[in-house]
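Undergrad: So that we are looking at the same thing, I have put the structure below in structure tokens.
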Amino acid sequence: MKKTIAILLALAMILALCACGSGSSSSAKKTLTIATSPDFPPFENLSGDGSVYGIEIDIMNKICEELGWELKIEQMDFDSVLAGVQAGKFDAGVSGITVTEGRQKNALFTDPYCLAAQAIVVTADSPIKGKADLDGKKVSVQTATTAEEFCMAAGYDVSSFAANSDAQAALTTGKVDAWVIDDLTAAEMVKVYNEANPGALVILDEPMTTEPYAFAFNLKDTDTVAKVNEVLKKLISDGTIAAIFEANEAPYTSPLK
Ligand code: ARG
């Protein structure tokens, strides 16, 4: 009797182990939760149904497909993205994020996948024709961006807005003299605005910075970043990233010299 019980117990334990084993392997598919501010076309934007689309979403989908991960997207203002990654609330910041020395102290960046620049946007009748004319002028930017950092360092009269659309509205309603924003997003937002208001806004032909974009992870996530870098390298060299830019009708500047 004792023996039977012992055998039954052993069997039960084996069964339990098997169940647990198969359970954990089916739930082992990693979910990569990304934090994004979807007010930054063509990199991330909101569609009518509330879903997020754009170049970086396409890239993340590709990366997750290659690595067998599930992609989960969390939306927030840009100024919450890096803080959330640093606090471990999200796995990655995917938000047109420029790699800077300051940010590298608090986040682990992947290799850059493209280059961008800050651009100046003004109204068509503006006397501002270039960077030199910005001295002492009122400039709108998005909060916690490199545009804000750049404009503050340059000593302009800076108004910061949590949403890019509000930074744009500050210009179109005459509250500021210029709007400083990353070039590809400037091109997209100005195109959309000018469709409804022909010729209203102008992007000045003077890129002010060089900004490598990358994805930001928690400082401790070295293994994950190594995996993502491996895929990114392939996607850059085999032309997938360039094709994603093209599909989103945006010019591509590779970070590789
Ligand atoms: N590249 C700039 C930065 O890193 C702006 C990014 C803004 N991104 C956004 N999704 N609104 O500061």
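Undergrad: Has region 211-221 got any residue that is assigned by TED's automatic domain parsing to the domain that holds A83, open to solvent by less than 50 Å² (accessible area, probe 1.4 Å), closer than 30 Å to T33 by Cβ and more than 16 Å from the ligand (Cβ to nearest atom)?
TA: yes
Undergrad: Please name all residue pairs, on different chains or six or more residues apart, with Cβ atoms under 8 Å, provided the first residue is in region 229-243 and is closer than 17 Å to F109 by Cα and the second residue is loosely packed, with under 14 Cβ neighbours inside 10 Å.
TA: I236/L256
Undergrad: Just to verify a result, which residue in region 143-157, among those that are acidic (D, E) and not in a strand (DSSP E or B), is surrounded by the most Cβ atoms within 10 Å (Cβ to Cβ)?
TA: E148
Undergrad: From the list A162, A167, A178, A226, pick out the single residue that is farther than 24 Å from Y113 by Cβ, hydrophobic (A, V, I, L, M, F, W, C) and surrounded by fewer than 18 Cβ atoms within 10 Å (Cβ to Cβ).
TA: A162
Undergrad: Right, another one. So, of the residues in region 69-100 that are among the acidic types (D, E) and over 16 Å from E148 (Cβ atoms), which turns out to be surrounded by the fewest Cβ atoms within 10 Å (Cβ to Cβ)?
TA: Among those residues, the one meeting the criterion is E70.
Undergrad: Can you say whether Q75 is within 20 Å of V192 (Cβ to Cβ) and outside the structural domain of P198 (by TED's automatic domain parsing), as far as the supplied structure shows?
TA: Here the answer is yes, as Q75 does meet what is asked.
Undergrad: Which of the residues spanning region 194-205 are exposed (fewer than 14 other Cβ atoms within 10 Å of the Cβ), in a loop (DSSP other than H, G, I, E, B) and either within 27 Å of the chain's Cα centre (by Cα) or touching a residue at least 60 places away in the same chain (Cβ under 8 Å) (or both)?
TA: G199, D205
Undergrad: Answer yes or no as to whether L184 is surrounded by 14 or more Cβ atoms within 10 Å (Cβ to Cβ) and in the same structural domain as I73 (by TED's automatic domain parsing).
TA: Here the answer is no, as L184 does not meet what is asked.
Undergrad: From the list S160, S140, which one is assigned by TED's automatic domain parsing to the domain that holds T123, modelled with pLDDT of 95 or more, under 16 Å from I128 (Cα atoms) and outside any loop (DSSP other than H, G, I, E, B)?
TA: S140
Undergrad: Being within 23 Å of E66 (Cα to Cα), among the aliphatic types (A, V, I, L, M), over 17 Å from the mean Cα position of the chain (by Cα) and not assigned by TED's automatic domain parsing to the domain that holds I120 is true for just one of V231, V225. Which residue is that?
TA: Going through V231, V225 in turn, just one is within 23 Å of E66 (Cα to Cα), among the aliphatic types (A, V, I, L, M), over 17 Å from the mean Cα position of the chain (by Cα) and not assigned by TED's automatic domain parsing to the domain that holds I120: V231.
Undergrad: Can you name every residue in region 102-141 that is open to solvent by 10 Å² or more (accessible area, probe 1.4 Å), closer than 28 Å to V228 by Cβ and among the polar types (S, T, N, Q)?
TA: Q104, N106
Undergrad: I've got another one for you. Got a sec? Which of T98, T123 is touching a residue at least 60 places away in the same chain (Cβ under 8 Å) and either farther than 12 Å from A178 by Cα or within 11 Å of the ligand (Cβ to nearest atom) (or both)?
TA: Answer to the selection: T98.
The values are calculated or read from the model by the stated rules, or taken from the named source; none is laboratory data. None of the values given here were measured: they were computed from a predicted structure. Note that we place each Cβ from the backbone using ideal geometry, even for glycine, and neighbour counts take in every protein chain shown. Only protein heavy atoms, including side chains, enter the accessible area calculation; ligands, DNA and RNA are left aside. Shrake-Rupley method; radii C 1.70, N 1.55, O 1.52, S 1.80 Å.
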